[in-house]
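I have placed the structure first, in the form of structure tokens, so that the comments after it can refer back to it.
The values are calculated or read from the model by the stated rules, or taken from the named source; none is laboratory data. The model shown is predicted, which means the values in this text are computed figures rather than measured ones. Glycine also receives a Cβ, built like all others from the backbone with ideal geometry; neighbour counts cover every protein chain displayed. These area figures cover heavy atoms from the full protein model, side chains too; ligands, DNA and RNA do not enter into them. Shrake-Rupley method; radii C 1.70, N 1.55, O 1.52, S 1.80 Å.
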Amino acid sequence: NEYWEGVRAFYQPFESGQLTGSSDVYLNEIPGGQYTNLLFQSKQLGLTGRFSEVKKAYKEANLILGDIPKVTPSSKVVGDLAQFMVAQGLSSEEVVAQAESLSLPSSVIDYFQGGLGVPPGGFPEPMRTNTLKGRSLPDGRASYDGRPGAELKDYNLEEAGKLLRDAYGCRISEQDVLSYAMYPQVFKDYSDHKILYGDMGKLPTNIFLNPMKVGEEVLLELDYGRSFFVRLASIGEVDASGARQIVFEVNGERWFIKTTDDKALEDAGGGTRRPKASPAEPGNVGAPMPGVVVDVRVAIGDQVKEGDVIFALSAMKMEVIIKAPRDGKLGSITVNEGDSVEGDDLLANIV
């Protein structure tokens, strides 16, 4: 138990903070495995202190979706919709009435398109009809017929392996190909992170999770017979560009690394803060919740019509499609793929 007490201390920042039992699951029907995840996600989405609202909305969202069996991944659909309702301040009636124009989570749209199959009680109306208006499958159909998995083509593992080797080099294993086949975006994010930062598995857990302090020294064993004493010598002040110079001593040799301090820029009201979308400007396109921009489907000068999909936003495993609020031309776009945004941040302006 002494070992596990030490290990738990490393992962304490990831604990949900829940200290009591939750008898209200009998009312909201949140599965136990999802409960703490939902609590953590709600904090990441800027809903800190509003988890009681999320739990009530979960019950309402479940009924909107047809009172469905809640297992992975159907429980995620309910959770996504519940958090969306709280973040947007929407009631059940408003969600059903405005489903056609709302930037609903992608999981909710996929559910009504039959991506998880047909629920035991069928799809509730008019929610399904309203959701599917203007939203079709890639092949143009409104929804799947029967079990969607029956339409899947055989997966070409050789082609996937070639694609990965072209992108990430020859050190792609069969396990990597299978990982990509099941979770393509997760594998891509992992591989891109590894290219940028190297193999984080070599770092001790406490160093990976907790930044080193000035003067602290650690022993890194990168390979058999390859050990390095690394000491954080100094952290420079933030310069005009928002960067700091970090000085490490590696086996006594000084290494100078320049890195952007996004947190310092944000605290100072600097460049990482984006302008907010204004309700008074009908052409402003704002982020419905905090997240990362995963797809920009338009460019400055493009003509769009009301309802055209222009952005995709990912927030805690939930993808949200953002549509054009009006007809017009893209006068400005303030984000790129990979940018982090907060709720109501201005993404674009349609003139």
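In table form, for the structure just shown:
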| item | result |
| --- | --- |
| Residue list for region 304-320, filter: in contact with a strand residue (DSSP E or B) (Cβ under 7 Å, 6 or more places away or on another chain) and buried (at least 18 other Cβ atoms within 10 Å of the Cβ) | VAL304, ILE310, PHE311, ALA312, LEU313, ALA315, MET318, GLU319, VAL320 |
| Those helices (runs of 4 or more DSSP H) lying entirely in region 72-169 with at least 1 residues more than 30 Å from SER42 (Cα to Cα) and in contact with a Phe, Trp or Tyr (Cβ under 9 Å, 6 or more places away or on another chain) | 157-168 |
| Residues of region 72-107 that turn out to be under 17 Å from PRO31 (Cβ atoms), of a type outside the set (S, T, N, Q) and surrounded by fewer than 18 Cβ atoms within 10 Å (Cβ to Cβ), as a count | 1 |
| Close pairs (8 angstrom Cβ cut-off, 6 or more residues apart or separate chains): more than 20 Å from ASP199 (Cβ to Cβ) in region 159-182, surrounded by 17 or more Cβ atoms within 10 Å (Cβ to Cβ) anywhere | ALA160/VAL177; ALA160/TYR180; GLY161/ILE172; GLY161/VAL177; ALA181/ALA160 |
| Residue count for region 1-44, restricted to those that are hydroxyl-bearing (Ser, Thr, Tyr) and modelled with pLDDT of 85 or more | 6 |
| Considering residues of region 299-351 that are part of a loop (DSSP other than H, G, I, E, B) and basic (Lys, Arg) only, the residue modelled with the lowest pLDDT | LYS317 |
| Test: residue in region 61-71 that is over 30 Å from TYR183 (Cα atoms) and either modelled with pLDDT of 85 or more or surrounded by 14 or more Cβ atoms within 10 Å (Cβ to Cβ) (or both) | no |
| Residue list for region 276-287, filter: at pLDDT below 90 and either part of a loop (DSSP other than H, G, I, E, B) or open to solvent by less than 30 Å² (accessible area, probe 1.4 Å) (or both) | ALA277, SER278, PRO279, ALA280, GLU281, PRO282 |
| Region 145-175: number of residues that are within 23 Å of TYR111 (Cα to Cα) and open to solvent by less than 100 Å² (accessible area, probe 1.4 Å) | 5 |
| Within region 22-52, considering residues that are open to solvent by 70 Å² or more (accessible area, probe 1.4 Å) and assigned to a loop (DSSP other than H, G, I, E, B), the one farthest from GLY89 (Cα to Cα) | SER23 |
| Conditions (1) surrounded by 15 or more Cβ atoms within 10 Å (Cβ to Cβ); (2) modelled with pLDDT under 95; (3) of a type outside the set (Ser, Thr, Tyr): number failed by MET127 | (2) |
| Any chance LYS162 is of a type in the set (Lys, Arg) and modelled with pLDDT of 90 or more | yes |
| Answer residue from region 11-21, given it is of a type outside the set (Val, Ile, Thr) and assigned to a loop (DSSP other than H, G, I, E, B) and is most open to solvent (accessible area, probe 1.4 Å) among those | LEU19 |
